[in-house]
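Comments concern the structure below.
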Amino acid sequence: MDAQAEGATPDMALRLQQILKETPDKNLYLGTKDIRKWRAWLESPPFYAKAADKVWAMMELGIAELRYGQEKEAVQHLGQAFKLGRESQVEAKQLGECMFFLGIAYLRFAETQNCCQQHSPESCTLPIRGAGLHTKQEGSKNAMVAFSQVLRLLTPKEPKYHSARWLLNVTAMTLGTFPEAVPTNHRIQLDRVTPQGDRFPAFPNIAQKAGVNSFNLAGGAIADDFNGDGWIDIMTSSWDTGQSLTLFLNQGQGTFKPVVQQAGLETTLGGLNLIQTDYNNDGLLDVLVLWGAWLAENGRHPNSLLRHDGVDEKGIPHFTDVSYQVGLAGVDYPTQTASWADYDLDGDLDLFIGNESTEGITAPCQLFRNDGDRFVDVAAQAGVLNHRFAKGVIWGDYDGDRYPDLYLSNMDGENRLYRNQGDGTFSEVTMASGTPGTYQSFPAWFWDYDNDGALDLFSSFFSPDAGFTASHYFGYAMQDQFLPGMYRNQGDGSFKNEAKALGVNLPIMPMGCNFGDINNDGWLDFFLGTGNVGLQHVTPNLMFVNREGKRFENVTLEGGFGHLQKGHSIGFADFDHDGDLDIFAQMGGAFPADKYYDALYQNPGFGNAWLGVLLKGKQSNRAAIGARIKVQFEDAGEMRTVYRHVNSGGSFGANPLRQWLGLGQAKEVRTLEIFWPRTGETQTFEGVACRRTILIEEGSQTITHLEPTASLVPPPEA
């Protein structure tokens, strides 16, 4: 029977193949429509076309070719456009824009020859040095000439003027001629680029050595244990509509084994974001794949729920797409963000999907209530349709009433905080809570950065231009309206934005994000994967270390985190089981030319104690999402308290559901408390040994010590 016949359950694999076939004509980023359009125009321009029109058309063709990875053709057409424009005496602004993109084409050519074809762990990492320096220098030398010319053609009122200043410095670094090759009036401040001393240790990028350096476009990443051997694996996606998901199984010896077909992933193509869950409470981690972001009407792609079917005798898990069967696919909107929680406290996980409404499409958000065997969209009844361009959604019980509340980060308007009323409906409390954010926001998360037991909130302004973002490196002050939202929970239902006081007062362009305690001091740190769609948006990823909840220190450069390629999904996990959190970063941009290698930053260690806690719900949802953990311990003669709430972290990237608590110099955990929101019950344990991972089951007073290679996953059904 034809899977697409009337009355039949649609076949996800066939739908994804259809999307792949439509990509050349319908996908604004991956398609070739613009190349064909401008080539046809230039072959037969309209009779009324003026010289400026031809310059524009040739420039647009060059940009389209550049985005598709046709760098030599792009250089040729952008050069011809500039020559024609100069001969025709078009205005300086148009000439400057043309020369700007010619500089980008040369820089991309340099990156292809050096960072991609001669890749090293130091490639494209600020400050560029060592093996990151370009040995094939033609592209960068030409780019420097081009950007210097842009600065003569454009005025400081033009955004590309500031981008050209920034890129002039970056290009000089690739040649090893920074700072002397950059005029002093365009030179970035050295102390903002060069690490000062050894205040923070470097985290080497070991992705190539570990076997997880996929060369891909933007995508999702989950760090978690998919086969139950105790080692944290990695699953990645790429929004390339022809690229399958890949599961990297941790081999426990510093390397990972990629599996695709054996895991049933070969027909799951594309996907910009991934989130793990256990929607059916069977103890196996399922995966949600999100599609269609940024594509407006052409982004009506079905999201995919991959059910974990169990692990075979070789330790390889297998997944089956059940999206249509369970009611998650069929009414499809563009999205890249979703979050799981048991919002009605009935013991299973529900799903909120933040969709992207634009002028071309009305895309209400969806709240799928889990009814056991199917999901039902109840967003309208619950009052959470949003009708905005949602880029980040996250659940968290900010008011401590047991019911998870919902925060939406929107790209085209104020963000929204919905308070869970406990009766299946939500009330919007954005303005009353003081959390509207900026007009243009992207990633978001709930966390307790100050360890007071109340969930705080992060939402970030998404800088529209790399030149604006780079203003920090030229010493410009940050205007308050562009600060990220570092919202401290004041305990009375309101929040206060402490970004400035906490030292997070620089312009950022975040997409991927996550948090974790990388130095095991008990305070949550965070990592931002940065960038924007355009190839010109080159800006370093960012790492901030929490200094006792009083300020955040930017350790991007000292730690070696300042990767200049586009950063997407981020995951914090102890991949090598040595007692500290490493960081995985899924890299790559939106256009075919913007592929790059993923990164894995290995933690050098800080010597502090830690505790891993894996919770197993019984009356609550099996994955324990929403449960709260509280530990008390003595650290250097002082009693301290650290809190965690169970989820996968930020809105673009997934940490393990197994929670990680840094304990400083603690010898043991005096008291460990687990609060289960569904029942309101608290489990208490005393004298818990640290520097180990433990399993606690809801309602049981037994603590199980977990070691890698021990199977935590039930065997597949016969």
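Throughout, read-outs are computed from the coordinates displayed, never taken from laboratory work. Note that the coordinates shown come from a computational prediction; the quantities given were computed from them, not determined experimentally. As a convention, Cβ positions derive from the backbone with ideal geometry for all residues, glycine included, and neighbour counts pool all protein chains shown.
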Take the Cβ-Cβ distance between ALA49 and LYS667 as r, set R0 to 51 Å, and report the resulting FRET efficiency rounded to the nearest 0.05.
0.05
Alpha carbon centroid spacing (whole Å) that separates region 116-152 from region 173-187:
12 Å
Two-decimal log10 I(q)/I(0) for region 618-684, as the Debye equation yields it once each C-alpha is a single scatterer, q = 0.16, 0.17, 0.26, 0.29 Å⁻¹
-0.61, -0.68, -1.11, -1.22
Using the crude model of +1 on Lys and Arg Cβ and -1 on Asp and Glu Cβ, and no other charge, please compute the dipole size for region 12-192 relative to its Cα centre, in debye to 20.
180 debye
Pairs of Cα atoms under 8 Å, at least six residues apart: use those to get the relative contact order of the chain, whole percent.
12 percent
Divide the volume of the convex hull of the Cα atoms of region 12-192 by its number of residues and quote the answer in cubic angstrom per residue.
159 Å³
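How high is the relative contact order of region 12-192, in percent, counting Cα pairs under 8 Å that sit 6 or more residues apart?
Worked out over region 12-192, it gives 14 percent.
Report the per residue volume, in Å³, of the convex hull enclosing the C-alpha atoms of region 509-597. Could the numbers behind the result be given before it?
Working: hull volume 7.9 nm³, N = 89.
About 89 Å³ per residue, rounded to a whole number.
Please list the three semi-axes, largest first and in whole Å, of the ellipsoid equivalent to region 444-484, using sqrt of 5 times the eigenvalues of its alpha carbon gyration tensor.
On the way: eigenvalues 153, 25, 12 Å².
For region 444-484, the semi-axes come out at 28, 11, 8 Å.
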To make sure I understand the rule: partners must be lysines, Cα under 26 Å from the Cα of LYS391, and not fewer than 8 residues away in the same chain. Which ones qualify?
LYS26, LYS160, LYS496, LYS500, LYS566, LYS595
What whole number of Å gives the distance from the Cα centroid of region 265-339 to the Cα centroid of region 65-103?
42 Å
Could you check the spin-label model distance between ASP34 and ASP480? Points 7 Å from the Cα along Cα→Cβ, value in nm.
3.8 nm
Neighbourhood charge, 15 Å Cβ-Cβ cut-off, centred on GLY650 and excluding it, Lys, Arg +1 and Asp, Glu -1
-3
Grab every C-alpha pair in region 367-499, bin the distances at 5 angstrom width from 0 up to the longest one, and report whole percents.
2, 10, 19, 21, 18, 13, 8, 5, 2, 1, 0, 0
Separation of region 622-651 and region 471-530 by C-alpha centroid, Å?
21 Å
Between beta-carbons, use under 12 Å as the cut-off and find the net charge around LEU285, counting Lys and Arg +1, Asp and Glu -1.
-4
Within 10 Å, count the other beta carbons around each residue, average over each peptide in 649-661, 475-487, and list them highest first.
649-661, 475-487
How much length would be gained if the chain were fully extended between VAL260 and ASP346, taking 0.36 nm per residue of separation minus their Cα-Cα distance, in nm to one decimal?
27.5 nm
Residues of type aspartates and glutamates that LYS83 reaches as a straight line, Cα spacing below 19 Å, ignoring anything fewer than 8 places off in the same chain
GLU43, ASP53, GLU60, GLU65, GLU71, GLU73, GLU91, GLU97
